[in-house]
Amino acid sequence: STSCDACVRDYYWSAADNATCADEQCPEFCSACEEGQDCSISGLTVASLPLEVGYWRASTGSATVYACPWKDNCGGGGGAEGDALCRRHSEGTLCNQCQSGYYLVASGERRGACEACSTASIETIALVVLLLAGIAAAVVVGRSDLSRVKQVKAYFGEMDEEHRRWWKETAKTLWLMAQTCSLFLSVESVHLPAPFSWLVSAMDFVTLGPLASFFFSPCASFLTHYATLTLTSLAPLLLLAPMALLAMPFFIAGAGRGWRGFRAAMDRCGFRHYATMIMLFHTSICVKLFSHFNCQGPYEDETGEERRHLATDYSIKCDDDYYLTYSVFVAGMLFVYVLVLPLGALLWLKSNRPAGRVTPPRELTELDGVLASLTTKYTQQYWWFELAGVAVRLSYCGGAVLLFPTHATLRCTLCVIVVSAYVAFSLSHKPVAQESSRAVTVLA
């Protein structure tokens with residue numbers, strides 16, 4: 001302007017409203033517009049500064065602009081701040097929370113959108129329907145008298161223990177592969193287009209997330225971050241409770257007494273598969289624990305204070321006293337799951353294999369007890385290789401994030417190095433006993 005009290009296009013007036021111009025052109029009062037700021041007209045101030053779609057700021061008194069994690073949630077506009085910039089029923093910092101009665105979709109085609117609590121994800125419904133249809137088909141086929149079905153039933157019925165073990169180990173390997181892929185894409189926030197996103201949604205099922213969301217409303221007041229984290233970390237202990245209750249009648253009616261008798265009763269109720277069950281969900285549990293320390297920011301709030309937010313729930317501030325106190329519990333659980341359990345299993349199995357002594361496989365199975373399922377797939381020399389697989393999965397699903405929280409390229413490089421070393425060792429040393437199982441392991 002003629003009085004040098006406004007800025008031209010691509011700039012905005014960054015000084016106070018009552019500032020006076022001391023120099024001829026006052027260049028220090030006009031700041032160049034940055035990414036996310038729409039300066040297509042002249043005469044803009046901090047308060048009137050328009051934002052492009054996909055960007056957010058805490059107040060009209062701040063020119064600090066942030067890119068929204070879900071672009072469609074942030075509508076942009078001029079002279080707006082905070083929740084006024086949000087759309088699609090979103091609110092809060094970076095429009096990354098949902099209004100009352102809505103929840104933030106965590107996966108699938110609608111990821112990042114705020115859906116009504118009364119609706120269920122199409123992918124979730126489809127997966128559950130397919131699961132129920134599969135169970136129904138299995139029951140019908142199991143009772144069928146068709147000759148082809150009879151042949152299949154006879155094949156599996158007459159299968160020797162070695163072949164049964166192969167099918168079990170192959171199913172476990174494929175389960176862990178799907179789970180690792182699903183969790184890796186979630187941890188790294190990778191969004192694949194259709195039809196690949198449909199495959200990811202199918203793999204999500206092995207994390208039990210879709211199944212849980214089908215039976216429990218995502219808006220349930222008891223499903224807070226802290227509640228789900230506590231239940232997840234204590235899941236292995238909670239699993240023992242129904243086993244123990246089911247085992248009591250067998251223990252009372254059985255002839256055995258003491259720990260040996262109770263252990264036999266527990267084995268009848270599935271305790272001999274306990275280590276396998278924990279292994280199937282060990283990575284998911286660790287990822288849930290890792291997520292507690294995944295904070296984003298800092299971002300300005302309406303008071304101008306910069307705060308960090310929990311990536312999975314922006315309503316939680318990472319500097320709150322309760323969050324910091326609870327972090328002690330989570331750190332302890334991570335120590336247990338990442339170090340104590342694997343190292344404890346390693347030492348237990350090692351103690352049953354003293355140097356210089358060759359123990360018969362049947363005796364080793366008795367000595368290993370509940371951990372025997374971790375070694376049956378491998379040769380006696382490489383009985384420990386299942387724990388190497390645990391380390392590989394953890395590096396993909398949270399371990400690399402702890403080492404390089406802000407460097408995605410370094411995380412991916414580390415994962416490639418780790419899995420390449422794992423595959424190279426598998427091919428050169430052949431730790432998996434069966435050739436066919438070795439091929440499945442390497443490919444997975």
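The values are calculated or read from the model by the stated rules, or taken from the named source; none is laboratory data. None of these values were measured; they are calculated from a predicted model. Virtual Cβ from ideal backbone geometry, glycine too; neighbours counted across all protein chains shown. Just the protein is used for accessible areas: all its heavy atoms, side chains included, with ligands, DNA and RNA removed. Shrake-Rupley method; radii C 1.70, N 1.55, O 1.52, S 1.80 Å.
Taking each of Lys350/Lys377; Lys377/Lys430; Lys288/Lys377 in turn, the alpha-carbon distance tops 20 angstrom for Lys288/Lys377. For region 238-339, the carbon plus sulfur part of the accessible surface works out to 65%, probe radius 1.4 Å. Quick check: from the Cα gyration tensor, does region 24-109 come out rounded (a/c under 1.5), prolate or oblate? Judged from the Cα gyration tensor, region 24-109 comes out prolate (a/c at least 1.5, a/b above b/c). Working from label points 7 Å from Cα in the Cα-to-Cβ sense, the Glu305 to Leu239 distance is 4.2 nm. Set the Förster distance to 22 Å, then compute FRET efficiency between Ile41 and Ser62 from the Cβ-Cβ distance, nearest 0.05. It comes out at approximately 0.65. Charge tally for Cys318 (other residues, Cβ to Cβ under 14 Å; Lys, Arg +1; Asp, Glu -1): -4.
In this simple spin-label model, placing a label point 7 Å from the Cα along the Cα-to-Cβ direction at both Ser118 and Glu28 gives a separation of 5.9 nm. Label-to-label distance, Val419 versus Val442, with points set 7 angstrom from Cα along the beta-carbon direction: 1.6 nm. One chain, two ends: Leu324 and Val8. Fully extended at 0.36 nm per residue, the span grows by 109.1 nm beyond their Cα-Cα distance. So for region 187-323, averaging the separation of alpha carbon pairs under 8 Å that are six or more residues apart and normalising by length, what relative contact order in percent results? It rounds to 13 percent for region 187-323. Using a Förster radius of 41 Å, what is the FRET efficiency between Asp313 and Val53 based on their Cβ-Cβ separation? Nearest 0.05, please. The calculated FRET efficiency here is 0.95. On full extension, the segment bounded by Thr376 and Arg110 gains 91.5 nm, given 0.36 nm per residue less the C-alpha separation. For region 360-444, the solvent-accessible area works out to 51 Å² per residue, with a probe of 1.4 Å and every protein chain left in place.
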